[in-house]
Amino acid sequence: MSQIIQAIRGMHDILPQDTPVWRHIEAVLRGILDGYGYQEIRLPLVEKTELFKRSIGEVTDIVEKEMYTFDDRNGDSLTLRPEGTAGCVRAVVEGSLLRGQIQRLWYQGAMFRHERPQKGRYRQFHQIGVEVYGLGGPDIDAELILMTARLWQQLGLKDIRLQLNSLGDAAARAVYRERLVAYLSQHLDKLDEDSRRRLHSNPLRVLDSKNPDLQDLIAAAPQLAEHLDADSSAHFAELRAHLDAAGIRYEINPRLVRGLDYYGRTVFEWVTDRLGAQGTVCAGGRYDGLVEQLGGAPTLAVGFALGLERLVALVQDSGVAVPALAPHAYLVLVGEAAQRQGMLLAEQWRNACPALRLLVNCGAGNFKTQLKRADKSGAGVALILGDDEMQRRVIGIKALRADQPQRTADWTALIEGLGTISPVGIDSGMLILGN
């Protein structure tokens, strides 16, 4: 026997027992995004490596250590996307979507980073990203945060906290950067290897270090808030006013800098203590200079991304009820004539009620065997068609999850009854005619 080939480390299958949670979360997200007037954009998995070097920053951990990069047959350096914002910017610039237009966009898909796999952090992971182009006020920043707060509410999630910070404009960050480098340089002996490497290339990332030995040193470092420019201070104050008016609770985290070079002004994270070390569920902020940096006209921009694996884990950990995706009904077909007729009837029922989840028995089997299959499928009812039902042109209806007597229904009556069911809220009980 050949050796079984296993999945690549850090790249997981999402099995049928888990997909209902994923589909529920995705459906709630799509509903919210549609409700706010955002449009979907679909992006390639592979981009030119230069795109990420120019956007994320060549001295970031992502570019230096984590990207899946390879040369194709033409010798071009390509990379599996490690995040979605850069590709979205490339797409809107290349597609001429920013010429005097405001764009509210969202995308979904797999991202790839070669990290050490652990709970909530995988080498292939999935994100939903939301990006807005052409708006620079704190009102749009607030809208994105309100949108995510609505998501937690609709998913029934609690224990998620909002953290905010402002990174100011480029000039303010440059002044602060000098002070921070001077401070850290006085404590070189206390810095770990990563922090020493970042000291002159990306010193703000030192503030984001999770090394417990550095936390006292980081706590005593100069604060960026003391160096904000006037416009950024006013922007941040107005954002907080919007959130206060909406009743959104938040905490100011002066060490929140985000891991990508392109952020400026507003940055935010939704975090939880329920997922261990990987507590960030959603994160984003403003990146007003990135479009120009990637070859487009100067364009104001803000967005966020949320990790679906972490959100799924949070929903599962919280015990939130998720709608089942089991079949509403299982069609039991006993005899060759019933098998042929049953297939035709099943198509008519699906035409009458597109929301119906109907599983038709295939592979023959006697009546007892098929009933066992029906029960194992999780269906609410078994629809039974055998020789007797064929002669009478009726369907037997047997409840599988409730103590109800078996009954029959005329073929035509069942089709007409299904046609009156709304696509929203169908359940197996509706198949017991007379409801």
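Where a number appears in this text, it was derived from the coordinates with a stated rule and is not lab data. No experiment lies behind these values; they were computed from the predicted model shown. Cβ atoms come from the backbone with ideal geometry, glycine included; neighbour counts cover every protein chain shown.
Summary of computed values
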| read-out | value |
| --- | --- |
| Cut-off under 5 Å, modelled amide H: who pairs with residue 299 long-range | 291, 292 |
| Cα gyration tensor shape for the chain, rounded if a/c is under 1.5, else prolate or oblate | prolate |
| Among 191, 144, 308, residue whose mean-square fluctuation peaks in a GNM of the chain (springs only between Cα atoms under 10 Å) | 191 |
| Theoretical gain in end-to-end length, residue 19 to residue 321 [0.36 nm per residue, Cα-Cα removed] | 107.3 nm |
| Neighbour cut-off at most 11 other Cβ (10 Å), DSSP loop, trypsin sites (Lys or Arg not before Pro), segment 59-156 | 73, 99 |
| Helix-derived mean residue ellipticity, 222 nm - over the chain, DSSP H n ≥ 4, -39500 (n - 2.57), to 500 | -10500 deg cm²/dmol |
| Reach of residue 210 by Cα under 17 Å, taken over lysines that are not fewer than 8 positions away in the same chain | 119, 190 |
| Debye, to nearest 20: dipole size of the chain, +1 on Lys, Arg Cβ, -1 on Asp, Glu Cβ | 1020 debye |
| For residue 126, residues with placed amide H under 5 Å, excluding near neighbours | 111, 308, 309 |
| Trypsin sites (Lys or Arg not before Pro) restricted to DSSP loop in segment 1-64 with at most 12 other C-beta within 10 Å | 9, 42 |
| Sites matching trypsin sites (Lys or Arg not before Pro) across segment 230-334 that sit in DSSP coil, with at most 14 neighbouring C-beta atoms within 10 Å | 249 |
| Other-chain or far-sequence residues with amide H under 5 Å of residue 401's (modelled H) | none |
